[in-house]
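Working notes for the structure below.
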Amino acid sequence: MGDPAGVGPEIALAAAADPGLAATAHMLIVGCGHVLARAAACLQRDIALHETDPRFAGPDTLREGACNYLECGSLPSSFAYGRVDAACGRAAYDCIVKAVELARDGRVDALATTPINKEALKAAGIDHIGHTEILAALTKTRDPLTMFQVRELRVFFLTRHMSLQEACRSVTEERVYQYIKRCGGALARLGIGKPRIAVAGLNPHCGEHGLFGDEEDAVIAPAVERARKEGFDAHGPKPADSVFHFALGGAWDCVLSLYHDQGHIATKMVDFERTIALTHGLPFLRTSVDHGTAFDIAGTGKAGAASMAEAIRLAALYAHRFRK
């Protein structure tokens, strides 16, 4: 359900109540019953809730025509929407733990996650900055690989949640080389044979051969050449102000973005609501909406569920490729 003070419960319910999605995937919300009931009231829709057996063993225990949930993340009924709350942070975290348990046990095929709040997690004493870091810790996964997909554009990230200065320092030849290989493996798992991989530049115009930055010549180009010698169809560095446009048009199967905002801005400008994150490297598939808790509209019923629906759709589409 995500952070209860945000829009997570609302968009999860709206997606679960979508008959089109119900024909695509069996959906189970991990969350607190009264939080979900309150969210249903905010949506002003007649949504039937059904609490499943806590030992949930598979889709046979789901009730057709209802929004099925597994009780988790209990909260006092008095919590406020739109506010950082340690109790909400703890409830969100407990739901993630339960969802990971279901996925690791093979009782669900994939997770499609809703927004959590980093400040609420911190207030609850959770020593992780976000979903990906929590999932990595719970599954003992080292450095999961994040990919965004919107339409035909796929973007991987060399660095994620760190300062821009730290991200620039992390652009090393070895790291870029290893990530090109990881991108190739991740796309192969999605069914894309011999993927074409473009690597974005770091500096404006790729540094103009040292006029304003030499990372492209000193670091990125050598990494690309190493990967090409090993058979990867890698290209770059390519100017970041155009590479995403050409990838969307089919020039490449993916772009390796070097830092958080470089790739986030590019994908969200294509279609904010349908930019979906996929996390590679975990023991199961995880997809996610790529927007926050939207505290300003939480509890109003105004939040659109298009991103949540797309995350579920992609989870259903790709889940079979991640079964071990």
Next item on the list: With springs connecting C-alpha atoms under 10 Å apart, model the chain as a Gaussian network and identify which of A91, A99, A167 has the largest mean-square fluctuation.
Entry: A167
Next item on the list: Treating cross-link reach as a plain straight distance, find the lysines whose alpha-carbon is under 25 Å from the alpha-carbon of K140, omitting any fewer than eight places away in the same chain.
Entry: K98, K118, K122, K181, K324
Next item on the list: Find, among the GluC sites (Glu not before Pro) in the stretch 10-90, those assigned to loop by DSSP (not H, G, I, E, B) with at most 10 other beta-carbon atoms within 10 angstrom.
Entry: E64
Next item on the list: Name the residue, out of G185, G231, G82, whose mean-square fluctuation peaks in a Gaussian network model built on the chain with Cα pairs under 10 Å.
Entry: G231
Margin query: Give me the dipole magnitude in Debye, nearest 20, for the chain about the Cα centre, with unit charges on the beta carbon: positive for Lys and Arg, negative for Asp and Glu.
Written below: 720 debye
Notebook entry, point to check: Among (i) 0.94; (ii) 0.97; (iii) 1.00, which one is Rg/Rh (Cα atoms, Kirkwood Rh) computed from these coordinates?
Noted result: (iii)
Note to self: Looking only at the chain, where both bridge partners belong to it, what percent of the DSSP beta bridges are antiparallel (to the nearest 5)?
What the structure shows: 40 percent
Item checked: Max mean-square fluctuation residue, GNM over the chain, Cα-Cα springs under 10 Å, options F295, F148, F284 -> F295
Margin query: Rounding to the nearest 10 and keeping the result within 0 to 90°, find how far the Cα-based axis of helix 86-104 lies from the longest principal axis of the chain.
Written below: 80 degrees
Checklist line | Helix axis angle, 260-270 relative to the chain longest principal axis, alpha carbon, degrees | finding: 70 degrees
Check: Angle, helix 306-318 long axis vs. longest principal axis of the chain, Cα atoms, 0 to 90°, nearest 10?
Finding: 70 degrees
Note to self: Less than 11 Å Cβ to Cβ from A120, Lys/Arg counted +1 and Asp/Glu -1: what total charge do the surrounding residues give?
What the structure shows: +1
Notebook entry, point to check: Counting Lys and Arg as +1 and Asp and Glu as -1, each charge on the Cβ, what is the dipole of the stretch 143-262 about the Cα centre in debye, to the nearest 20?
Noted result: 600 debye
Next item on the list: Find out how many positive minus negative residues lie around D271, taking Lys and Arg as positive, Asp and Glu as negative, among other residues whose Cβ is under 12 Å from that of D271.
Entry: -1
Margin query: What do you get for GluC sites (Glu not before Pro) in the stretch 214-302 restricted to DSSP loop and a cutoff of at most 15 other Cβ within 10 Å of the site's Cβ?
Written below: E230
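Taken together, the values in this text are just the output of simple stated rules run on the coordinates, not laboratory data. None of the values given here were measured: they were computed from a predicted structure. Because the Cβ atoms are built from the backbone with ideal geometry, glycine has one as well, and the counts that use them run over all protein chains shown.
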